[in-house]
Amino acid sequence: MPQSLPTDPTAPAGLDTGLDTGLDTGLDVETDVAPTGAAGTPEEILLELVDDEGVTIGTGEKHWAHQQPGRLHRAFSVFLFDRQGRMLLQRRALGKYHSPGVWSNTCCGHPYPDEPPFVAAARRTAEELGVAPALLCEAGTVRYDLPDEATGLIEREWNHLFVGLVTAPVRPNPDEVDDYAFVTAEELRELEAERPFSVWFRTVLEAALPGIREIAGKDW
């Protein structure tokens with residue numbers, strides 16, 4: 001099974017791929033390497049901390065929130081599909097501090113404080129994969145506490161789920177994405193049996209399945 005495709009094979013010839021995301025592309029990109037300030041000191045990346053009902057209760061630094069015992073915080077996960085109903089997966093870049101080199105869903109991350117999860121999901125998809133979703137729909141939320149034995153970190157997240165369509169060629173950012181693939185449900189099962197996936201992947205996938213089936217069909 002091919003695990004890497006240079007472009008979205010479903011995009012018809014002559015399709016205008018210059019989709020307007022409606023976002024300010026001059027925003028600072030949230031990478032896993034902390035940026036440095038003018039004096040060379042690391043700048044904090046803040047997340048929204050939430051209570052057990054998903055209500056914002058404050059902010060916390062990103063790395064601190066993922067260290068044991070973890071702090072419950074807001075996150076999002078995106079599942080995009082092509083016109084053939086295949087899911088777009090990414091393999092996370094090797095330079096990431098959390099879950100490097102493993103396969104995962106199309107895009108995941110954290111909203112900035114006060115940033116709506118929908119806006120954050122569209123923003124990060126464009127930043128990581130160089131493509132704007134042609135359609136993006138809310139698919140519920142899921143809360144989990146998942147330790148990552150490989151890194152010693154923990155995911156304690158209130159995760160907003162989104163599903164949608166991608167119709168333009170994928171142009172991944174190599175600082176974020178090492179590889180990508182469009183897979184059917186059967187090919188996903190084969191890949192999961194052969195390759196490591198993020199600790200959160202199966203949890204968010206199962207939570208998003210009702211929304212996924214509305215977009216991609218009952219085969220999922």
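The values are calculated or read from the model by the stated rules, or taken from the named source; none is laboratory data. All values reported here derive from a predicted model rather than from experimental measurement. Cβ atoms come from the backbone with ideal geometry, glycine included; neighbour counts cover every protein chain shown. These accessible areas exclude ligands, DNA and RNA; they are computed on the full protein's heavy atoms, side chains included. Shrake-Rupley method; radii C 1.70, N 1.55, O 1.52, S 1.80 Å.
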### Query
If ligands, DNA and RNA are left out, what is the accessible area of ILE154 with a 1.4 Å probe, given in Å² to the nearest 10?
20 Å²
### Task
Please give the length that would be gained between ALA185 and GLN67 if that part of the chain were fully extended, namely 0.36 nm times their separation in residues minus their C-alpha to C-alpha distance (nm, one decimal).
39.2 nm
### Query
Label points 7 Å out from Cα along the Cβ direction at ARG83 and VAL55: separation in nm?
4.7 nm
### Query
If you build the Cα gyration tensor of region 109-190 and take the root of 5 times each eigenvalue, what three semi-axes come out, in whole angstrom, biggest first?
22, 19, 15
